[in-house]
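The values are calculated or read from the model by the stated rules, or taken from the named source; none is laboratory data. From a predicted model like this one, the values you see are computed outputs, not experimental measurements. Cβ coordinates were reconstructed from backbone atoms using ideal geometry, including for glycine residues, and neighbour counts include every protein chain displayed.
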Amino acid sequence: MARVSGNVIVLSGPPGAGKTTVGPMLARRSDRPAVCLALDAMFRSIGAGFVLPFLPAAREQNGVVIAATAAAAAAFARGGYDVVVEGIFGPWYLPPFRALSGAGAASVSYVVLRPDLSTTLSRAQDRDERELRDAGPITGLYEALADLGELERHVLDTTGLSPAQTVALVQEGLAAGRYRLSP
């Protein structure tokens, strides 16, 4: 595999955490060439056979989408771009991204934006009606990211933070290496 020269930032969190707003802001404010890849766009690319990603029947589909997203991130990183990949990435989806750091990426980082549950529900339910707004699945996704064990240090509580404040704190943590993943 060719040497990867860009950094990859996997930006995760439950629906309503701020990923879709913060991800592009991080890419625009980079001091290097940067791109933001949205996991939702990858899922929306599926035509026939699409299964809602939070359903148990989506397991195989989700694996393919994650692998394709990691491959796209690797291609941009090989081209010298820093890559912000935003979406709902639980630790179970990190192996393809961890492999990028083993392939010589400058760094692969994992940042989980996680406001408290009431803020998450409020923000998610205020979104466009095309987005997931149902409290049941949102709560389930929140709970899936509620206890990350050894990865808990990758969590940033965004309760009460503006997008600009969140971006500043993420940038500070990235610069300090706080969110870096080991291969």
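Within segment 25-41, track down each residue that is without any contact (Cβ under 8 Å) to a residue 40 or more places away in the chain and not in a loop (DSSP other than H, G, I, E, B).
Residues of segment 25-41 without any contact (Cβ under 8 Å) to a residue 40 or more places away in the chain: 28, 31, 41.
Within segment 25-41, 28, 41 meet the criteria.
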Between 100, 113, 121, which is among the hydrophobic types (A, V, I, L, M, F, W, C), within 27 Å of residue 162 (Cβ to Cβ) and at pLDDT below 90? 121
Among (1) in a helix (DSSP H, G or I); (2) of a type in the set (A, V, I, L, M, F, W, C); (3) touching a Ser or Thr at 6+ places or on another chain (Cβ under 7 Å), where does residue 17 come up short? (1)
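Condition check ((1) within 19 Å of residue 182 (Cβ to Cβ); (2) under 16 Å from the mean Cα position of the chain (by Cα); (3) surrounded by 17 or more Cβ atoms within 10 Å (Cβ to Cβ)) across all residues:
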position	(1), (2), (3)
10	yes, yes, yes
22	no, yes, yes
38	no, yes, yes
59	no, no, no
71	no, yes, no
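Kindly indicate which of 44, 78, 32, 28 is charged (D, E, K, R) and surrounded by 17 or more Cβ atoms within 10 Å (Cβ to Cβ). Don't jump to the end; show me each part of the working.
Values: 44 fails: surrounded by 17 or more Cβ atoms within 10 Å (Cβ to Cβ); 32 fails: surrounded by 17 or more Cβ atoms within 10 Å (Cβ to Cβ); 28 fails: surrounded by 17 or more Cβ atoms within 10 Å (Cβ to Cβ).
From the options 44, 78, 32, 28, the qualifying one is 78.
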Pairing a residue in segment 6-24 that is within 17 Å of residue 83 (Cβ to Cβ) with any residue that is of a type in the set (Lys, Arg), where Cβ atoms lie under 6 Å and the two sit 6 or more apart in sequence or on different chains, gives 11/19
Could you check segment 151-170 and list, in sequence order, the residues that are surrounded by fewer than 17 Cβ atoms within 10 Å (Cβ to Cβ) and touching a helix residue (DSSP H, G or I) at 6+ places or on another chain (Cβ under 7 Å)? 159, 163
Would you call residue 65 among the hydrophobic types (A, V, I, L, M, F, W, C), within 24 Å of residue 138 (Cβ to Cβ) and assigned to a strand (DSSP E or B)? no
Within segment 134-150, the count of residues that are under 13 Å from residue 120 (Cα atoms) and surrounded by fewer than 19 Cβ atoms within 10 Å (Cβ to Cβ) comes to 8
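Out of 77, 58, which single residue is touching a residue at least 60 places away in the same chain (Cβ under 8 Å), small (Gly, Ala, Ser) and not in a loop (DSSP other than H, G, I, E, B)?
Details: 58 fails: touching a residue at least 60 places away in the same chain (Cβ under 8 Å).
Result: 77 is the single residue among 77, 58 that is touching a residue at least 60 places away in the same chain (Cβ under 8 Å), small (Gly, Ala, Ser) and not in a loop (DSSP other than H, G, I, E, B).
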Of the candidates 97, 50, 89, the one satisfying the condition of being surrounded by 22 or more Cβ atoms within 10 Å (Cβ to Cβ) and in a loop (DSSP other than H, G, I, E, B) is 89
Under 8 Å between Cβ atoms, which residue pairs at least 6 apart in sequence (or on different chains) link something in segment 157-170 that is closer than 16 Å to residue 122 by Cα with a partner that is at pLDDT 95 or above and hydrophobic (A, V, I, L, M, F, W, C)? 158/113; 161/169; 163/22; 163/25
